[in-house]
Amino acid sequence: MGVMFLHSGIMAGLFHPMSIEKGEFPGGEFTHKFLTRDYAASSGTQRAIEADLGIENTDKMGWDAPSDSADLLFSVFLDNDGSIPGGMTRYASGMITEDKEKKR
């Protein structure tokens with residue numbers, strides 16, 4: 001039992017302290033909207049961001065089409081929904097922007 005505990009500690013990084021450095025993601029800055037709601041609302045938040053950015057998700061006939069933002073918009077979930085009451089979970093939905101895109 002002790003050997004398994006020791007092994008778990010070593011594999012978890014017991015002897016390798018974590019150093020957090022402030023910096024910028026190489027792809028750009030995560031420009032986002034931060035909300036405290038149910039995680040299911042994240043897709044609606046992404047649709048609202050698409051509308052804010054003017055991304056159209058309709059085909060030539062005016063029918064709903066698959067989203068063009070599949071590789072553009074992301075959601076980062078900050079809480080475990082199993083331990084936080086419904087509707088109180090925190091998440092951020094947005095996109096990674098470069099300097100030239102932020103100026104728009």
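The values are calculated or read from the model by the stated rules, or taken from the named source; none is laboratory data. Being a predicted model, the structure only gives us computed values, none of them experimental. Note: ideal-geometry Cβ built from the backbone for every residue, glycine included; neighbour counts use all protein chains shown. Ligands, DNA and RNA are excluded from the accessible area calculation, which covers all protein heavy atoms including side chains. Shrake-Rupley method; radii C 1.70, N 1.55, O 1.52, S 1.80 Å.
I'm checking my understanding of the structure. Among residues of region 72-91 that are exposed (fewer than 14 other Cβ atoms within 10 Å of the Cβ) and among the aliphatic types (A, V, I, L, M), which one is nearest to the chain's Cα centre (by Cα)?
Val76
Give region 11-41 a look and list any residue that's in a loop (DSSP other than H, G, I, E, B), farther than 30 Å from Gly87 by Cα and open to solvent by 80 Å² or more (accessible area, probe 1.4 Å), or say none.
Listed by number, the residues that qualify are Ala12, Leu14, Phe15, His16, Pro17, Met18, Ser19, Ile20, Glu21, Lys22, Glu24, Pro26.
Can you tell me which residues in region 55-86 are at pLDDT below 80 and within 19 Å of Ile96 (Cβ to Cβ)?
Ile55, Ser67, Asp68, Ser69, Ala70, Asp71, Leu72 - these are the residues of region 55-86 that are at pLDDT below 80 and within 19 Å of Ile96 (Cβ to Cβ).
With the checklist (1) modelled with pLDDT under 70; (2) open to solvent by less than 80 Å² (accessible area, probe 1.4 Å); (3) not in a loop (DSSP other than H, G, I, E, B) in hand, flag the one item Lys100 doesn't pass.
Evaluating Lys100 over (1) modelled with pLDDT under 70; (2) open to solvent by less than 80 Å² (accessible area, probe 1.4 Å); (3) not in a loop (DSSP other than H, G, I, E, B) leaves (2) as the failure.
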